[in-house]
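J.: Before I ask anything, here is the structure I am working with.
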Amino acid sequence: MNALLDTLISKADPRGVRLWGAGLLRAELTREAPPADRAVHYYVCVADHFEPRWRRPSLDEERRRVGRWVHEYPALARRHRDSFGRAPVRTLFFPVEEYRPEHLDALCEGVRAGLFDVEVHLHHDDDTAENLRATLLDFARTLHEGHGLLRRNAQGVIEYAFIHGNWALDNSHPGGRFCGVDNELSVLVDTGCYMDMTLPCVPSPAQTAVVNTVYYARGREGRARGHETGRPMRVGGRREAGELLLVPGPLGLHWGSRAKGIVPRIEAGMLEPESPVPLELRVRAWMRHAPAVWGAPAHRFIKLHAHGCNGDAPDWFLNEGGPFDRLLTLLEAQADQRSVFLHYVTAREMYETLVRLEAGA
């Protein structure tokens, strides 16, 4: 009976507004507005779910996909600069299950050039906490010791940022699909994860109620969806033991772009060829919904996500004059105003900025 009811509700609300609508309203009502008398800093991070084996192509096709990014992205980057003269950088969240040494070796060329960084991505299903822990530790060690990626903290632990494949962080998908590990958040913390960038995941039923908020969440023993609630990051606060920092992308409604002229389209920070929303509207929505550390509203954080190896996405991102090229131009035009500073940052740099603001720096 419950399964039937869930099916009926999902059909009536395919975008899952019941899961996040109240959270969006709460975020809008409680957000600290950027100060009117000071310049506002916008930190933009593109988190790429970088999947060379998307739809299981041949090895030659995998190499072609990776090669396009290695050889064509520098030309795109040369055409753009943020407010401080830095070219756009891209964080590639590489899937554990798609690891090939040659792909990482190729991407390291872009890392050395300061255009890429690499973090951890994982698709898994019907997993266990023990296997997950071993998988994450092994992959982090491989990236660090085999390719010179990731970083060790002061305690010597290899740290990584994380994105959950199929969005099902902390076993949040109904029925336990695409994960299987309750209290996954604790496994991530224990294995060196310093930040999660999975959210938002609309229209997936794995979406949580917390919207447009940088926050700390804690795993719950034997229970899923520990990140359904959390503690907003704030100036003067600090991370407590066992907590994981979550940095979501923008989530909102486009009242100026409506399906069939009636239903407002959703903005979820996903860079995709399929979006019918004009780029100008998207940029304005990102800036409006960008979260901040509570107490530091002059600093806003825009996490965007992409699937740079999927389908015709490389053309969308890499072609001169293409949508992504134009989108960067629109972002940079905002920084031509005296009241706006634009920062292109990696996931790690976004995290470090957040932590400095939390500490009052």
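The values are calculated or read from the model by the stated rules, or taken from the named source; none is laboratory data. A quick note: this is a predicted structure, and the numbers were derived from the prediction, not measured. Using ideal geometry, Cβ is built from the backbone for each residue, glycine included, and neighbour counts are taken over all protein chains shown.
J.: State which residue is surrounded by the fewest Cβ atoms within 10 Å (Cβ to Cβ) when the search covers only the stretch 237-268 and only residues that are β-branched (V, I, T) and without any contact (Cβ under 8 Å) to a residue 24 or more places away in the chain. It would help to see each step written out before you state the result.
T.: To start, the set of residues in the stretch 237-268 that are β-branched (V, I, T) comprises 247, 262-263, 266.
Right, trim to without any contact (Cβ under 8 Å) to a residue 24 or more places away in the chain and you get 262-263.
Values: I262: 6, V263: 10.
Filtering first and then ranking leaves I262.
J.: Determine, yes or no, whether F301 is more than 20 Å from the chain's Cα centre (by Cα), assigned to a strand (DSSP E or B) and buried (at least 16 other Cβ atoms within 10 Å of the Cβ). Give the steps one after another, and end with the answer.
T.: On the way: more than 20 Å from the chain's Cα centre (by Cα): no; assigned to a strand (DSSP E or B): yes; buried (at least 16 other Cβ atoms within 10 Å of the Cβ): yes.
It is false that F301 is more than 20 Å from the chain's Cα centre (by Cα), assigned to a strand (DSSP E or B) and buried (at least 16 other Cβ atoms within 10 Å of the Cβ).
J.: Among R78, R86, which is the only one that is without any contact (Cβ under 8 Å) to a residue 24 or more places away in the chain and farther than 22 Å from V214 by Cα? Please lay out each step first, then the result.
T.: Values: R86 fails: without any contact (Cβ under 8 Å) to a residue 24 or more places away in the chain.
Checking each option against the conditions leaves just R78.
J.: Just wondering, is there one or more residues in the stretch 280-302 that are over 23 Å from A36 (Cα atoms) and in contact with a Pro (Cβ under 7 Å, 6 or more places away or on another chain)? Even if it seems obvious, please write down each step before you answer.
T.: In the first step, residues of the stretch 280-302 are kept if they are over 23 Å from A36 (Cα atoms); the result is none.
Checking the stretch 280-302: not a single residue is over 23 Å from A36 (Cα atoms) and in contact with a Pro (Cβ under 7 Å, 6 or more places away or on another chain).
Here's the yes/no breakdown for (1) surrounded by 15 or more Cβ atoms within 10 Å (Cβ to Cβ); (2) over 27 Å from L122 (Cβ atoms); (3) touching a strand residue (DSSP E or B) at 6+ places or on another chain (Cβ under 7 Å):
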site	(1), (2), (3)
H49	yes, no, yes
V66	yes, no, no
V70	yes, no, no
L76	yes, yes, no
G85	no, yes, no
R90	yes, no, yes
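J.: Given (1) assigned to a loop (DSSP other than H, G, I, E, B); (2) out of contact with any strand residue (DSSP E or B) (no Cβ under 8 Å at 6 or more places or on another chain); (3) among the hydrophobic types (A, V, I, L, M, F, W, C), where does A333 come up short, assuming only one miss?
T.: That leaves (1) as the condition not met.
J.: Does R234 satisfy being over 30 Å from N319 (Cβ atoms), basic (K, R), touching a residue at least 40 places away in the same chain (Cβ under 8 Å) and in contact with a Gly (Cβ under 7 Å, 6 or more places away or on another chain)?
T.: Details: over 30 Å from N319 (Cβ atoms): yes; basic (K, R): yes; touching a residue at least 40 places away in the same chain (Cβ under 8 Å): yes; in contact with a Gly (Cβ under 7 Å, 6 or more places away or on another chain): yes.
Yes.
J.: I'm checking my understanding of the structure. Among residues of the stretch 198-209 that are within 27 Å of P297 (Cβ to Cβ) and touching a helix residue (DSSP H, G or I) at 6+ places or on another chain (Cβ under 6 Å), which one is surrounded by the fewest Cβ atoms within 10 Å (Cβ to Cβ)?
T.: The initial filter retains those residues of the stretch 198-209 that are within 27 Å of P297 (Cβ to Cβ), namely 198-202, 207-209.
Subset that is touching a helix residue (DSSP H, G or I) at 6+ places or on another chain (Cβ under 6 Å): 198, 201, 207-209.
Working: T198: 27, C201: 26, Q207: 25, T208: 25, A209: 17.
Here the residue is A209.
J.: Does H343 meet the test of being touching a helix residue (DSSP H, G or I) at 6+ places or on another chain (Cβ under 7 Å) and assigned to a strand (DSSP E or B)?
T.: Working: touching a helix residue (DSSP H, G or I) at 6+ places or on another chain (Cβ under 7 Å): no; assigned to a strand (DSSP E or B): yes.
Here the answer is no, as H343 does not meet what is asked.
J.: In the stretch 269-309, what residues are free of Cβ contacts under 8 Å to residues at least 24 places away in the same chain and more than 18 Å from T213 (Cα to Cα)? Before the answer, list the steps.
T.: If we filter the stretch 269-309 for residues that are free of Cβ contacts under 8 Å to residues at least 24 places away in the same chain, which is where we start, we get 274-278, 284.
Residues satisfying the conditions are E274, S275, P276, V277, P278.
J.: Suppose the filter is over 14 Å from L122 (Cβ atoms), charged (D, E, K, R) and either assigned to a helix (DSSP H, G or I) or out of contact with any Lys or Arg (no Cβ under 7 Å at 6 or more places or on another chain) (or both); does E159 pass it?
T.: no
J.: Among the numbered criteria (1) in contact with an Asp or Glu (Cβ under 8 Å, 6 or more places away or on another chain); (2) surrounded by 18 or more Cβ atoms within 10 Å (Cβ to Cβ); (3) more than 30 Å from A361 (Cβ to Cβ), which one does F317 miss?
T.: All conditions pass for F317, except number (1).
J.: Another one. Take the residues in the stretch 180-199 that are assigned to a loop (DSSP other than H, G, I, E, B) and touching a strand residue (DSSP E or B) at 6+ places or on another chain (Cβ under 7 Å), then tell me which one is nearest to G156 (Cα to Cα).
T.: As a first pass, look at the stretch 180-199 and keep what is assigned to a loop (DSSP other than H, G, I, E, B): 180-183, 191-192, 197-199.
From what's left, touching a strand residue (DSSP E or B) at 6+ places or on another chain (Cβ under 7 Å): 182-183, 192, 197-199.
Working: D182: 27, N183: 24, G192: 10, M197: 23, T198: 26, L199: 28 Å.
Out of the qualifying residues, it is G192.
J.: Could you look through the stretch 240-281, keep only residues that are within 16 Å of the chain's Cα centre (by Cα) and outside any strand (DSSP E or B), and pick out the one that is modelled with the lowest pLDDT? Break it down into steps so the answer makes sense when it comes.
T.: Going residue by residue through the stretch 240-281, those that are within 16 Å of the chain's Cα centre (by Cα) are 244-252, 267-272.
From what's left, outside any strand (DSSP E or B): 247-251, 268-269, 272.
Working: V247: 98, P248: 98, G249: 98, P250: 98, L251: 98, A268: 97, G269: 97, E272: 89.
My answer is E272.
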